[in-house]
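Colleague: This is the structure, below, for whatever I ask next.
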Amino acid sequence: MYKSLDDINTKLNGEPEWVLAKPISYDFNSSNVFDYKSLAFLLSIQSGREVFTRLQLAERAYLDLMSGLSEFNESALEKQKKMATSQLGENNFASLGEIERYIGVELVARTRDQLRGIVVKLAHDESRYIKAFESLNRVLVEIFCPDYEVQKIVIQERHAIAQLPNLPDNLKKHVAEQNIDIE
């Protein structure tokens, strides 16, 4: 998604977020959820109960991202369809204001806000998942023994957040303003 936003932003040079919105293809698997019955042993100690809660929050974040991306894709497709049927201006060119009026304030705002929400989730969720994994690992060792420690998550360097293309300035500013506490 970062690459797609960077490519569009480079071509459009700082246009409002809604202009950057296009459907995003990503295969989510709705079965990527925890089997809480198999994790019931975590409830036997206080630190396990805390991890159990952290896992529920991580799962909720994943499902929220999945749902938010689906809603965003619907809005981005709606915007594309509306643009495809427009007859604005000579040779189909128009000012940004004319395009916004044609698309409608509701779709412009919805698309912008959904894109902002997804970008905020992408910026913060990775650390949420890693912290949940690390917490689970500590409790597995505490309950069982060091033999139960799961191999650490290794994110390939090319996929690390630091290696991703920059977000457009207006989205980067929005993410920075959120002050999200992952703990």
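The values are calculated or read from the model by the stated rules, or taken from the named source; none is laboratory data. Quick caveat, the model's predicted, so the values are computed rather than measured. Counting neighbours? That spans all protein chains shown, and the Cβs are built from the backbone with ideal geometry, glycine included. Please note that ligands, DNA and RNA were not included when accessible areas were found on the heavy atoms of the full protein model with its side chains. Shrake-Rupley method; radii C 1.70, N 1.55, O 1.52, S 1.80 Å.
Colleague: Return a yes/no flag: does segment 162-173 have any residue that is buried (at least 17 other Cβ atoms within 10 Å of the Cβ) and either without any contact (Cβ under 8 Å) to a residue 60 or more places away in the chain or part of a helix (DSSP H, G or I) (or both).
Modeller: So far as segment 162-173 goes, yes, one or more of its residues are buried (at least 17 other Cβ atoms within 10 Å of the Cβ) and either without any contact (Cβ under 8 Å) to a residue 60 or more places away in the chain or part of a helix (DSSP H, G or I) (or both).
Colleague: Which residue out of 54, 60 is closer than 28 Å to residue 123 by Cβ, within 24 Å of the chain's Cα centre (by Cα) and open to solvent by 80 Å² or more (accessible area, probe 1.4 Å)?
Modeller: 60 is the lone residue from the list that is closer than 28 Å to residue 123 by Cβ, within 24 Å of the chain's Cα centre (by Cα) and open to solvent by 80 Å² or more (accessible area, probe 1.4 Å).
Colleague: Take the residues in segment 110-135 that are open to solvent by less than 30 Å² (accessible area, probe 1.4 Å) and of a type in the set (A, V, I, L, M, F, W, C); name whichever of them is nearest to residue 47 (Cα to Cα).
Modeller: In this case the residue turns out to be 132.
Colleague: Which pairs do you get when a residue that is closer than 19 Å to residue 95 by Cα and in a helix (DSSP H, G or I), found in segment 1-18, comes within reach of a residue that is of a type in the set (Lys, Arg) and at pLDDT 70 or above, reach meaning Cβ atoms under 9 angstrom, with the pair 6+ apart or on two chains?
Modeller: 8/22; 17/112; 17/116; 18/79; 18/110; 18/112
Colleague: Among the numbered criteria (1) of a type in the set (D, E, K, R); (2) within 21 Å of residue 40 (Cα to Cα); (3) loosely packed, with under 11 Cβ neighbours inside 10 Å, which one does residue 177 miss?
Modeller: Exception for residue 177: condition (2).
Colleague: Among the listed residues 75, 67, 31, which satisfies the condition of being surrounded by fewer than 15 Cβ atoms within 10 Å (Cβ to Cβ) and assigned to a helix (DSSP H, G or I)?
Modeller: Going through 75, 67, 31 in turn, the sole match is 67.
Colleague: For segment 34-49, check the following and say yes or no: at least one residue is among the aromatic types (Phe, Trp, Tyr) and in a loop (DSSP other than H, G, I, E, B).
Modeller: yes
Condition check ((1) modelled with pLDDT under 80; (2) more than 21 Å from residue 164 (Cα to Cα); (3) charged (D, E, K, R); (4) touching a Lys or Arg at 6+ places or on another chain (Cβ under 7 Å)) across all residues:
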site	(1), (2), (3), (4)
10	yes, no, no, no
26	yes, no, no, no
30	yes, yes, no, no
56	no, yes, no, no
65	no, no, no, yes
89	yes, yes, no, no
97	no, yes, no, no
101	no, yes, yes, no
115	no, no, no, no
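Colleague: Also, I was wondering about something else. Would you say residue 110 is modelled with pLDDT of 90 or more and of a type in the set (Lys, Arg)?
Modeller: Considered against the rule, which asks whether it is modelled with pLDDT of 90 or more and of a type in the set (Lys, Arg), residue 110 comes out as yes.
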